[in-house]
1. Mean-square fluctuation check for the chain, GNM, Cα pairs under 10 Å: which of Leu115, Leu139, Leu179 is largest?
2. Compute a Gaussian network model of the chain, connecting alpha carbons closer than 10 Å, and tell me which residue from Ala85, Ala254, Ala73 fluctuates the most.
3. Return one number: the angle in degrees, 0 to 90 and rounded to the nearest 10, between the long axis of the Cα atoms of helix 318-329 and the longest principal axis of the Cα atoms of the chain.
4. Quick check: net charge around Phe305, other residues with Cβ under 14 Å of its Cβ, Lys/Arg +1 and Asp/Glu -1?
5. With an 8 Å Cα cut-off and a minimum separation of 6 or more residues, compute the relative contact order for the stretch 281-335 in percent.
6. For a 30 Å ceiling on Cα separation, which of these pairs sit above it: Lys247/Lys306; Lys57/Lys211; Lys103/Lys247?
7. Determine the sum of side-chain charges near Arg325: Lys and Arg each +1, Asp and Glu each -1, restricted to other residues whose C-beta is under 13 angstrom from that of Arg325.
8. Give, as a single signed number, the net charge of other residues whose beta carbon lies under 12 Å from the beta carbon of Arg193, with Lys and Arg counted +1 and Asp and Glu -1.
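Taken together, the values in this text are just the output of simple stated rules run on the coordinates, not laboratory data. Everything numeric here is computed off the predicted structure, so don't read it as measured data. A quick note on method: Cβ atoms are made from the backbone with ideal geometry, for glycine too, and the neighbour counts reach across all protein chains shown.
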Amino acid sequence: MTARPAARIYRGTTRNLSLLARRLRAGELVAVPTETVYGLAADALDARACAKIFAAKGRPAHDPLIVHIHSLAQLETLAETNDAARRLAKKFWPGALTLVLPKKSAVPAIVTAGLPSVAVRMPRHPLMRRLLRRCGRPLAAPSANPFGYVSPTTAEHVRAGLGKKIRFILDGGPAAVGLESTIVDLRDPLRPRLLRPGAISREQVEAVLGKKLGSGGAGGVVAHAPLPAPGLLDRHYSPRTPLVLHKKISPAHAAKGDATEAWLFFARPHRLTGSNIFWLDARGDPRRAARRLFGLLRALDGRGFKKIHAELAPGGGLAEAINDRLRRAAGLVNTS
Ligand code: TXA
Ligand code: MG
């Protein structure tokens, strides 16, 4: 038997977009760029195509997918909308916000893991928007990583993780946001809940709704589905190198540590350098830190350190999302 062909990375030419839109309509998987992270897409209305997503990622069937749309008209075919959803969509779409709403029957059960609700997002990335328009179908797409590993923010990350499982990757450059979307549960518009923090902050969503957001359950993300205890998934967690979180790392402490352990500061530490000293952004700018987080975790994971010490982001807003991802990477919260 010959080995399966490795995935090919396609530049965003008009010809390639037509080809990839045809592959999607034929029920194949295509890894796609979005402004948050890369997604692994299939025709959301084709249950057999969506089943391939779960197989390629090694994703458990109880973990539902996000459906990506091009227009508000598409939203109406997939979900029961409400006034709160329309207000958030108007303010933040296209963008890094996913809304959970009661689903309509057009959405196959496999997409929502059997839940009566569906998660929908209108992405902003221009290539993804062109692909969605050409394809003419909503696209189901979780992050394009093997289940439990760090989400990909470049086409190369996708190839490194799924290159043997898929054939098509559309290259849209490095993801501008770098963290997965904010997920807001609007099944009951009177009691909106934040299921996952993201670049669109809790405070921004609350300002539009004129209401405080409740929180998800333990771990926050998969509504209704029980979350496995973090310990059970220890070895799958990302990065593979054990990650230890600190509210604040003292440069003096890091300087005394041994060189087999890496220190990941939020901002550049004063007068400290070394082959095991890293920072998310020199000036500690949260947007730039978010953009670099996943790529840096991957790079550090490949360096053979025994342990990575990471400093939490200070403050609210985007810091809530960055710290949520650090906790997931440390195996303290379930991730998919
Ligand atoms: O930015 C993003 O959200 C990226 C890009 C590709 O759009 N997608 C993404 O998908 O990160 P991912 O791997 O996180 O998987 C989708 C998550 C599920 O794990 C689940 O937590 C949540 O979305 N989700 C999907 N449908 C849901 C539903 N009906 N109720 C609650 N949560 C849901
Ligand atoms: Mg994911």
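1. Greatest mean-square fluctuation among the candidates belongs to Leu115.
2. Among Ala85, Ala254, Ala73, the largest GNM mean-square fluctuation belongs to Ala73.
3. 80 degrees
4. Taking every Cβ under 14 Å from that of Phe305, the sum is +2.
5. Averaging sequence separation for qualifying contacts and normalising by length gives 28 percent for the stretch 281-335.
6. Over 30 Å apart, Cα to Cα: Lys57/Lys211; Lys103/Lys247.
7. Result for the neighbourhood of Arg325: +3.
8. +3
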